[in-house]
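Derivation of every value follows stated rules applied to the coordinates shown; laboratory data play no part. The shown structure was predicted, so the numbers you read here are calculated from the model rather than taken from an experiment. Using ideal geometry, Cβ is built from the backbone for each residue, glycine included, and neighbour counts are taken over all protein chains shown.
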Amino acid sequence: MRNIKSPISNLKYIIILLGLIMSAWLLPALYELVSPRTDKTPFVVYSCLDSTFIKMEVQDKQVHYIDFRGQEFTKSEADSLLPLFAFRQLVAEGRLPDSLYGVALTPKLIQQNSFHFKTSPKQLNKPAVGLYTMLESASGRVDLTLPSDVFRLTDDGLEFIDCETNTINKAKSLSFLRELTKHGFTFPVQLIWGNGTTRKDYDNGFLLTDSQNRLFQLKMVKGTPFVRKIYDPLDMSSSRHLDISSFIQLFTLEPANRQLIGLVVSDDYRLFAVRSDGTITQIGANSQQLTANCQLIYDPQSMQITITGDLFHWTITEYTATDSRYYAVDAKTFEQVACAIIPDPERPLSQRIERIILPIRLRFTSWRTQLIAPNINDD
Amino acid sequence: MLRAIFYKEWLKLRLFWCLALVVHIGLIAYLLLALRSTLLASGIVETWATMIGRDVLMVNALMYLPLITGVCIALCQWLPEMQVKRIRLTLHLPIDYTMSIGAMLFCSLICLCGLFALDAAVLAIVEQIWLPRELVWRTFLTCLPWFIGGLLGYSVTSWCLLEPQWKIRCVDFLIGAPIVALCFLTAQPACYISMWPWLVLAILATMCLPFYSIYRFKLGKQ
């Protein structure tokens, strides 16, 4: 019996292989536990008074305010340089300027024109439910309420499902389908984005693209469908033609000043604002070539983006795998007014050692996605 | 001979299987009653909105039950065999040992798959009364890695228990436990859709490993 070489003995190679795979996963995870990564990303805002970016960085448990020219400010000086960002503090101290660039400043005006938007690849890359909530956008009430139905998209239309009975509301589905087709919408839907939450001031409905990559807005006004065609890539005659062949990402927004419907990203990674009048404008176009190599591009699959908007400017921050990019754009025209690209600092020693002693690092979770999948050396 | 092996395994496992059946049905009934209670108390519209908007499916209590069942069924099946080396009797049957051990593993897998299929079917059939098909499918996709975790828990425990040497058993456990843990990396709904081929490969690979432990046992490793 002892001399029999059974094919079963070859199973030891499976054990060895499994052992190696598990080591490639667990050893880097253990190493990370022992030497945790500290990722202190500074908060950056464009100062319209200083005409540069000011970063707020925590060092030695203290917040430091430093502009991109290297000049450091006290907290009080920074508040003065960022009157729209720190207006509450300035109001409390009685230091809020009466006007800025000819615009009379009031806390209400500043608040209405401030908005914040943040998203990351991980937030976008997750399995979609495939059900959407169409809120009533003109109920006449201040508070939004949840509708009694949700809708799903099909290859040739959409179906509203009544929550109480779990059956399809054919009349409502047909009315929305008719309104969409009346505006030239062709199914199936390629992309759709809406904010189904009632925790917002008002509702802009959904931005969606049809089978021919045309961009539409769909919302419900007093129980009836409202459809607006926003952009048609095939309509070359339009004065609004922006040379977009298709869209890769849509975001519906509801900023307090009601100037925007949302943001869209074209397949060549340009970012556009959809204004409330239905026109779209490229954000951060560097038409005056203020700074070389500063064309704003946004890849939703590999960049984290933060937009901090105020009355006069938007500060757009993008974090990529290799650098941090800061853009300031005019809040009205969306033209770029400043830009800075800061390469990431050299990796800390612990990470460099990890790369040498653990050349193959297997992970099943990623900063890019919520999906569990094997990734090799995806740091 | 195989029928006799199946019958012997059924005699060995039936008590535990019936107990597991009661626990599984009990937990599924609890989950469904909890869902019904939430639908009635919070309102159907609000519950649907929470499930759609906040990725809540209310089945998280089921997460580790398939794993516990898989490990326990392996313990019930192999501990009596290994305690006084009773497995030798099986190995001396006039049938190839891969066939007899394969039949024993198959018997337990059928028991486990039956339980898990029952869980999934009862959940889906009852949920589709209250929920749209997208949420029912999402619930199934969320539970599926937990069921696979149960199968992996069974195969890894069997592999470790059948291993005759303690030090190798520890190594087997160190390799096997993370493989099982792969099925429990997140409770986020439907996040394993890219992992199905890898998890199927993991099941196939780990189901082969008890044969290697028995092979070593036959070689007389102590």
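Given charges of +1 on the Cβ of Lys and Arg and -1 on the Cβ of Asp and Glu, with all other atoms neutral, how large is the dipole of the stretch A:115-282 about its Cα centre, in debye to the nearest 20?
It comes to approximately 320 debye.
Modelled label-to-label distance, A:Asp267 and B:Lys85, 7 Å Cα→beta-carbon offset: nm?
7.0
Taking amide H atoms as placed 1.01 Å from N in the peptide plane, list the residues 5 or more away in sequence, or in a different chain, whose amide H sits under 5 Å from that of A:Thr154.
Close amide H contacts, sequence-distant or interchain: A:Glu159.
Could you line up A:Leu177, B:Leu89, B:Leu57 from fewest to most neighbouring Cβ atoms inside 10 Å? Could the numbers behind the result be given before it?
Values: A:Leu177 18, B:Leu89 9, B:Leu57 24.
Listed from fewest to most nearby Cβ atoms, that is B:Leu89, A:Leu177, B:Leu57.
At R0 = 25 Å, how high is the FRET efficiency between A:Gln71 and A:Glu346 if r is their beta carbon distance? Nearest 0.05 is fine. Present the calculation step by step, with values, prior to reporting the outcome.
On the way: r = 24 Å, r/R0 = 0.98.
Plugging the Cβ-Cβ distance into 1/(1 + (r/R0)^6) gives 0.55.
So, with +1 on the Cβ of K and R and -1 on the Cβ of D and E, and no other charges, what is the size of the charge dipole of chain A about its Cα centre, to the nearest 20 debye?
On the way: 40 positive and 41 negative charges, 225 e Å.
Here chain A has a charge dipole of around 1080 debye.
I'd like to know which of A:Leu109, A:Phe216, A:Asn166 lies farthest towards the positive end of the charge dipole of chain A, counting +1 on Cβ of Lys and Arg and -1 on Cβ of Asp and Glu.
My answer, from the dipole projection, is A:Asn166.
Counting C-alpha atoms alone, how compact is the stretch A:115-282: give Rg to one decimal and Dmax as a whole number, in angstrom.
Over the stretch A:115-282's Cα set, Rg and Dmax evaluate to 15.6, 48 Å.
Rank the residues A:Val221, B:Val126, A:Val329, B:Val59 as a footprinting-exposure proxy: fewest other Cβ atoms within 10 Å of their Cβ go first. Please list the in-between numbers first.
Working: A:Val221 13, B:Val126 18, A:Val329 27, B:Val59 24.
If I rank by nearby Cβ atoms, fewest first, I get A:Val221, B:Val126, B:Val59, A:Val329.
Hey, can you list the DSSP H helices of chain B whose Cα span along the axis is 30 Å or longer and whose average Kyte-Doolittle score is at least -1.0?
Answer set is B:2-42, B:97-130, B:133-162, B:196-218.
Give me D for chain A in µm² s⁻¹, whole number, from Stokes-Einstein with Rh from the Kirkwood sum over alpha-carbon pairs, 37 °C and 0.692 mPa s. Let's see the in-between values first.
Working: Rh = 24.3 Å.
Reported coefficient: 135 µm²/s.
What are the extents of the Cα atoms of chain B along their three principal axes, in Å, largest first?
64, 31, 23
Give the Rg/Rh ratio for the stretch A:43-112, taking Rg as the radius of gyration of the Cα atoms and Rh as the Kirkwood radius, to two decimals.
With Rg and the Kirkwood Rh in hand, the quotient comes to 0.99.
Sequence gap at least 6, Cα distance under 8 Å: using those rules, report the relative contact order of chain A to the nearest whole percent.
Numbers: 694 pairs, mean separation 53.3, N = 379.
That works out to 14 percent.
With runs of 4+ DSSP H residues as the only contributors, calculate the mean residue ellipticity of chain A at 222 nm using -39,500 (n - 2.57) per run, divided by the residue total and rounded to the nearest 500.
Working: 7 runs with 69 residues, N = 379.
Result for chain A, helices only: -5500 deg cm²/dmol.
Taking the Cα centre of the protein assembly as shown as the origin and placing charges on Cβ (Lys, Arg +1; Asp, Glu -1), which of B:Phe147, B:Phe16, A:Leu263 is farthest toward the positive end of the dipole?
Towards the positive end, the residue furthest out is B:Phe16.
In peptide B:40-53, how many Cβ atoms from other protein chains are near each Cβ within 10 Å, on average? Intermediate results must be reported in sequence, preceding the final value.
Details: counts 0, 0, 0, 4, 6, 10, 2, 1, 9, 9, 0, 3, 7, 9.
Taking the mean over all residues of the peptide, I get 4.
Average partner chain C-beta neighbours within 10 Å, per residue of A:156-163?
Per residue, the number of nearby Cβ atoms from other chains is 2 on average.
Distance between Cα centroids, the stretch A:290-320 to the stretch A:139-211: provide it in whole Å.
So the two Cα centres are separated by 31 Å.
What fraction, in whole percent, of alpha-carbon pairs in the stretch A:23-179 exceed 24 Å separation?
The proportion of pairs with Cα distances above 24 Å equals 65 percent.
Say R0 is 51 Å: what FRET efficiency, to the nearest 0.05, do A:Ile357 and A:Asp155 get from their beta-carbon distance? All intermediate terms of the calculation are to be shown ahead of the outcome.
Values: r = 52 Å, r/R0 = 1.02.
For A:Ile357 and A:Asp155, the calculated efficiency is 0.45.
Please quote Rg/Rh for the stretch B:1-79 to two decimal places, taking the Kirkwood radius as Rh and restricting both calculations to Cα atoms.
Details: Rg = 18.4 Å, Rh = 15.2 Å.
Dividing the radius of gyration by the Kirkwood radius yields 1.21.
If you split all Cα-Cα distances of the stretch A:220-379 into 10 Å bins from zero, what percentages do you get per bin, shortest first?
Bins of 10 Å from zero give 9, 30, 30, 19, 10, 3, 0 percent of pairs.
Taking other Cβ within 10 Å of each residue's Cβ, how do A:Val227, B:Val84, B:Val56 sort, fewest first? The partial results should precede the final answer.
Details: A:Val227 19, B:Val84 8, B:Val56 13.
The most exposed by this proxy come first: B:Val84, B:Val56, A:Val227.
Residues with amide H under 5 Å of A:Leu191's amide H, sequence separation 5 or more or different chain, H placed in the peptide plane at 1.01 Å from N; which?
Those lying under 5 Å, H to H, from A:Leu191 are A:Thr209.
Please report the orientation-averaged projected area of the stretch A:38-78, defined via the convex hull of its C-alpha atoms, in nm².
Working: hull surface 12.2 nm².
It is 3.0 nm².
Based on C-alpha coordinates, I'd like the Rg and Dmax of the stretch B:133-222, in Å.
Every Cα atom of the stretch B:133-222 included, Rg and Dmax give 15.5, 55 Å.
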